[in-house]
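The structure under discussion appears below in the form of C-alpha coordinates.
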Amino acid sequence: MNERPVHLVVTDDLRRSRLTVFFRLLLVIPHLIWAGLLGSAVGVMVFVDWWVLLVRGRSPEGLHNMVAGYVRYVAHLEAYLFLAADPYPGFYPISEGAYPVDVEVAPAAPQRRWVTLL
(Lines give C-alpha, C1' and ligand atoms only; values in the text may rest on other atoms or scores of the structure.)
Protein backbone atom coordinates (compact mmCIF):
# COMPACT_ATOMS: atom_id res chain seq x y z
CA MET A 1 0.00 0.00 0.00
CA ASN A 2 1.29 3.46 -0.89
CA GLU A 3 2.23 5.47 2.19
CA ARG A 4 0.85 8.69 0.69
CA PRO A 5 -1.93 7.88 -1.81
CA VAL A 6 -3.02 11.53 -2.33
CA HIS A 7 -0.75 14.20 -3.83
CA LEU A 8 -1.37 17.88 -4.51
CA VAL A 9 0.26 19.07 -7.76
CA VAL A 10 0.64 22.80 -8.49
CA THR A 11 1.83 23.92 -11.94
CA ASP A 12 0.46 27.45 -12.18
CA ASP A 13 2.28 30.54 -13.44
CA LEU A 14 0.56 32.76 -10.80
CA ARG A 15 -0.63 35.36 -13.35
CA ARG A 16 -4.17 36.63 -12.74
CA SER A 17 -6.56 38.75 -14.75
CA ARG A 18 -7.79 41.67 -12.62
CA LEU A 19 -11.27 41.49 -14.07
CA THR A 20 -11.79 37.82 -13.21
CA VAL A 21 -10.28 38.32 -9.75
CA PHE A 22 -12.78 41.09 -9.08
CA PHE A 23 -15.79 39.00 -10.16
CA ARG A 24 -14.47 35.64 -9.01
CA LEU A 25 -16.90 35.24 -6.11
CA LEU A 26 -19.86 35.83 -8.42
CA LEU A 27 -18.48 33.52 -11.09
CA VAL A 28 -18.07 30.66 -8.63
CA ILE A 29 -21.67 30.67 -7.28
CA PRO A 30 -22.95 28.04 -9.78
CA HIS A 31 -19.99 25.83 -8.87
CA LEU A 32 -20.71 26.17 -5.15
CA ILE A 33 -24.33 25.09 -5.71
CA TRP A 34 -23.19 22.16 -7.88
CA ALA A 35 -20.52 21.15 -5.33
CA GLY A 36 -23.15 21.15 -2.58
CA LEU A 37 -25.49 18.93 -4.58
CA LEU A 38 -22.69 16.61 -5.59
CA GLY A 39 -21.38 16.60 -2.02
CA SER A 40 -24.69 15.24 -0.78
CA ALA A 41 -24.54 12.39 -3.28
CA VAL A 42 -20.88 11.72 -2.53
CA GLY A 43 -21.67 11.62 1.20
CA VAL A 44 -24.13 8.79 0.55
CA MET A 45 -21.55 7.08 -1.69
CA VAL A 46 -18.92 7.27 1.06
CA PHE A 47 -21.34 5.64 3.51
CA VAL A 48 -22.09 2.86 1.02
CA ASP A 49 -18.38 2.50 0.29
CA TRP A 50 -17.66 2.09 3.99
CA TRP A 51 -20.05 -0.87 4.15
CA VAL A 52 -18.58 -2.39 1.00
CA LEU A 53 -15.10 -2.04 2.51
CA LEU A 54 -16.26 -3.88 5.63
CA VAL A 55 -17.64 -6.76 3.57
CA ARG A 56 -15.15 -7.06 0.69
CA GLY A 57 -12.06 -5.35 2.10
CA ARG A 58 -11.69 -3.27 -1.08
CA SER A 59 -13.46 -0.24 -2.49
CA PRO A 60 -15.20 -0.73 -5.86
CA GLU A 61 -13.47 1.14 -8.70
CA GLY A 62 -16.59 3.10 -9.63
CA LEU A 63 -17.21 4.42 -6.13
CA HIS A 64 -13.52 5.14 -5.60
CA ASN A 65 -13.26 7.02 -8.89
CA MET A 66 -16.37 9.09 -8.17
CA VAL A 67 -15.20 10.13 -4.72
CA ALA A 68 -11.69 10.85 -6.03
CA GLY A 69 -13.22 12.87 -8.88
CA TYR A 70 -15.24 14.90 -6.40
CA VAL A 71 -12.11 15.60 -4.33
CA ARG A 72 -10.33 16.75 -7.50
CA TYR A 73 -13.31 18.91 -8.49
CA VAL A 74 -13.47 20.61 -5.09
CA ALA A 75 -9.70 21.19 -5.19
CA HIS A 76 -10.08 22.86 -8.61
CA LEU A 77 -12.99 24.94 -7.34
CA GLU A 78 -11.19 26.10 -4.20
CA ALA A 79 -8.00 26.81 -6.13
CA TYR A 80 -9.99 29.05 -8.47
CA LEU A 81 -11.91 30.74 -5.65
CA PHE A 82 -8.86 31.42 -3.48
CA LEU A 83 -6.71 32.67 -6.40
CA ALA A 84 -4.37 29.68 -6.55
CA ALA A 85 -5.39 28.97 -10.18
CA ASP A 86 -6.65 31.22 -12.95
CA PRO A 87 -8.64 29.09 -15.43
CA TYR A 88 -12.34 28.62 -14.76
CA PRO A 89 -12.87 25.03 -13.57
CA GLY A 90 -15.10 22.57 -15.41
CA PHE A 91 -18.31 21.18 -13.93
CA TYR A 92 -17.62 17.48 -14.57
CA PRO A 93 -15.96 15.88 -11.51
CA ILE A 94 -14.35 12.88 -13.21
CA SER A 95 -12.64 14.83 -15.97
CA GLU A 96 -8.97 14.02 -16.51
CA GLY A 97 -8.08 17.36 -18.08
CA ALA A 98 -5.05 19.29 -16.91
CA TYR A 99 -5.62 22.01 -14.32
CA PRO A 100 -2.91 24.14 -12.66
CA VAL A 101 -3.79 22.84 -9.18
CA ASP A 102 -4.68 19.18 -9.17
CA VAL A 103 -5.02 16.28 -6.76
CA GLU A 104 -3.67 12.87 -7.72
CA VAL A 105 -5.41 9.99 -5.97
CA ALA A 106 -3.96 6.48 -6.09
CA PRO A 107 -6.18 3.65 -7.37
CA ALA A 108 -8.27 1.67 -4.93
CA ALA A 109 -6.20 -0.72 -2.84
CA PRO A 110 -7.11 -3.47 -0.37
CA GLN A 111 -7.90 -2.13 3.11
CA ARG A 112 -7.85 -3.72 6.54
CA ARG A 113 -11.40 -4.44 7.67
CA TRP A 114 -10.77 -3.84 11.38
CA VAL A 115 -9.21 -0.46 10.70
CA THR A 116 -12.17 0.42 8.48
CA LEU A 117 -14.59 -0.65 11.20
CA LEU A 118 -12.92 1.46 13.86
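The values are calculated or read from the model by the stated rules, or taken from the named source; none is laboratory data. Computed from a predicted structure; not experimentally measured. Counting neighbours? That spans all protein chains shown, and the Cβs are built from the backbone with ideal geometry, glycine included. Just so you know, the surface numbers come from the protein's heavy atoms only, side chains and all, with ligands and any DNA or RNA stripped out. Shrake-Rupley method; radii C 1.70, N 1.55, O 1.52, S 1.80 Å.
Close amide H pairs (under 5 Å, H built 1.01 Å from N) link R58 with Q111, residues at least 5 positions away or on another chain.
Atom-type composition of the exposed protein surface of the chain places 68 percent of the accessible area on carbon and sulfur (1.4 angstrom probe).
Relative to the longest principal axis of the Cα atoms of the chain, the long axis of helix 29-56 makes an angle of roughly 10 degrees. Looking at the stretch 16-118, the GluC sites (Glu not before Pro) that sit in a DSSP loop and have at most 10 other Cβ atoms within 10 Å of their own Cβ are E96. Per-residue ellipticity at 222 nm computed for the chain from its helices equals -17000 deg cm²/dmol, with DSSP H segments shorter than 4 residues left out and the rest contributing -39,500 (n - 2.57).
Against the main long axis of the alpha-carbon atoms of the chain, helix 61-81 sits at an angle near 30°. How would the stretch 1-85 be classified by its alpha-carbon gyration tensor: rounded, prolate or oblate, with rounded meaning a/c under 1.5 and the a/b versus b/c comparison settling the rest? In terms of gyration-tensor shape, oblate. Summary value for the chain: 42 percent relative contact order, contacts being C-alpha pairs under 8 angstrom separated by 6+ residues.
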